[in-house]
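Okay, so here's the structure we're looking at.
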Amino acid sequence: MSTDGDRITVPRFVAQKASGPKITMVTAYDHTTAGLVDAAGVEGILVGDSLGMVVQGHPTTLPVTLDQMIYHAEMVGRAARRALVVVDLPFPLGHLGVPEAVRAAGRVLKETRCQAVKVEGGADQADVICALVRAGIPVMAHCGLRPQNVHQLGGYRVQRDRETLLADAKEVERAGAFSVVLECIAADLAAEVTASLAIPTIGIGAGAGCDGQVLVFHDLVGLTSGRTPRHVKVYADLKETIVGAVTRFRDEVRAGVFPGPDQTFR
Ligand code: KIV
């Protein structure tokens, strides 16, 4: 059995809330991207159901299936050497009852080499989180804006209900979640939630007061199609780089420049 001393385990991830530095997570959905993100030295890789939007081209995350999550997570799990890999339980698995959730999360851990699941929900998911943790499955919770509830919420809106957010965060911690994503929450409220918990909060659109930050890979490197959300910082313009490279290839083939002598066998 190999033991990798550099691996970010769940306890190491949690301990970083107290020891610092801030925790970083990025999404990945395939082997190549996961290898790059892992090499960059982030603590966590999230195989998010956002793949329904950024990879599959759907307007929401709702169509994503468990089999699809496992397909992507297996590729990511094989690539990650250091980062903790967390896999989203897709809609509506958390709401089909405890046995269904344990069966699904169990499949994720058995079939993908990933180490944890993410469950969208707060107090309403406490029984599911508790059962998963009892089964030995680490759970990251997800409070605030819950994209799986988009139709009920009427859109992707900043969440400001202080009492609900504080109660949800406390409940998921009590249920045994090792961390919680806070999505699209006013910054002062996210900081208050963070201060009230012993487990790390990972923010996305929740200000700088969280214990860590997560971004969707495609947003971070400028591959998002359409409008970039306000909370995103774009660190590279890969869209321009890729379109430019493919355009040069097309032009060189048309001009008879590619393949040249260096790319030709004799
Ligand atoms: O699915 C996802 O990528 C997520 C992040 C936005 C946190 O849940």
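Quick note: the coordinates plus some simple rules give every number you see, no bench work behind them. The structure displayed is predicted, hence computed values, not measured ones. Glycine also receives a Cβ, built like all others from the backbone with ideal geometry; neighbour counts cover every protein chain displayed.
Under 24 Å of direct C-alpha separation, and excluding same-chain neighbours fewer than eight residues apart, Lys233 reaches these lysines: Lys17, Lys22, Lys118.
The fewest-to-most ranking of His231, His72, His151 by surrounding Cβ atoms within 10 Å reads His151, His231, His72. Considering only alpha-carbon pairs that sit under 8 angstrom and 6 or more positions apart, the relative contact order computed for the chain is 15 percent.
Relative to the current alpha-carbon distance between Leu153 and Thr60, full extension at 0.36 nm per residue lengthens the span by 32.2 nm. Note on Glu111 and Val243: the extension gain reaches 44.0 nm, defined as 0.36 nm multiplied by sequence separation minus the Cα-Cα distance.
For the pair Ala40 and Ala198, label points projected 7 Å from Cα toward Cβ lie 3.3 nm apart. Once the Cβ-Cβ distance of Thr264 and Val234 is raised to the sixth power relative to R0 = 25 Å, the FRET efficiency obtained is 0.05. Over the chain, dividing the summed -39,500 (n - 2.57) contributions of all DSSP H runs of at least 4 residues by the number of residues returns a 222 nm mean residue ellipticity of -12500 deg cm²/dmol. Relative contact order, whole percent, for the stretch 126-237 stands at 21, derived from Cα pairs under 8 Å and 6 or more residues apart.
If we count every other residue with Cβ under 14 angstrom of Val87's Cβ, Lys/Arg +1 and Asp/Glu -1, where does the sum land? After counting each charged neighbour, the total is -2. Under a model in which nothing but the beta-carbon of Lys, Arg (+1) and Asp, Glu (-1) is charged, the stretch 94-253 shows a dipole of about 320 debye around its Cα centre.
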